[in-house]
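Data block below; observations after.
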Amino acid sequence: MGITVIGITHPGQVGALPDGTNVLVLADDGTYADEFLDTDFGAHQFVVRAFGRGSAFFGVVDKARELGAERILFGGANDSAAAFATGEDPVLVLGVRPPGGPIALNAAFAQWLDRWPRPANAYHGDVDHWLAANALREGLRVELVSWRMDPTVPMRRKLTA
C-alpha cells in the first residue's frame, strides 16, 4: 500500500489510521495548527491554509498530489471510503449522510482534477457537488456511502404523541 493522505479540518477528526504510510494534512485558518503540530499522531503531518470546506479540500488534494499519494481521504479516515478509494480506475467516494461528509478518491481520480476549472463556489463549500457533477459528466465511477451516525432517538424507545 502506498501513501494515504488524510485531510482534516480539526485535530479531533484524527481517528484510527489505515495500514501503510499515512500523512495527515490539517487544512486550517491557523486556529488549530500549533495544537496539531505539537501532537504526535503517529503519522507525517503538514498544515495547509484554508478558509472554507472547498479550499480545505483543494489544499489537501494539492499536497497529496505533490507527495504522490495513492489515495486521499478528506474529513478523516473512514474504513468504507478507504476500501473504495483503491485501484487504478478513477473513483470518487462521497458521503450522502450527512451532506458535506467525508470525501475519498484515488490517485487516478486526482489526475482528473486539473482538467476541471475550479469555480469560486467550489472553494467556499460546494465542492461535493462540483466533484460529483464533473465526475458524472466524464463517466467516472462515483460511490455514494452513508456514514454511520448516532441516532438522535434510541431505536428501542417508544415514541408517543
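The values are calculated or read from the model by the stated rules, or taken from the named source; none is laboratory data. These numbers come from a predicted model, not from an experiment. Positions of Cβ are generated from backbone atoms using ideal geometry, with glycine treated the same way; all protein chains shown enter the neighbour counts.
Residues that are over 17 Å from residue 16 (Cβ atoms), surrounded by fewer than 20 Cβ atoms within 10 Å (Cβ to Cβ), modelled with pLDDT of 95 or more and of a type outside the set (Phe, Trp, Tyr): does the stretch 71-88 have at least one?
Scanning the stretch 71-88, I find no residue that is over 17 Å from residue 16 (Cβ atoms), surrounded by fewer than 20 Cβ atoms within 10 Å (Cβ to Cβ), modelled with pLDDT of 95 or more and of a type outside the set (Phe, Trp, Tyr), so the answer is no.
Take the residues in the stretch 18-70 that are among the basic types (Lys, Arg) and under 22 Å from residue 83 (Cα atoms), then tell me which one is surrounded by the most Cβ atoms within 10 Å (Cβ to Cβ).
Residue satisfying both the conditions and the ranking: 63.
For the stretch 89-123, which positions are in a loop (DSSP other than H, G, I, E, B), out of contact with any strand residue (DSSP E or B) (no Cβ under 8 Å at 6 or more places or on another chain) and at negative phi?
Passing the criteria: 98, 99, 116, 117, 118, 119.
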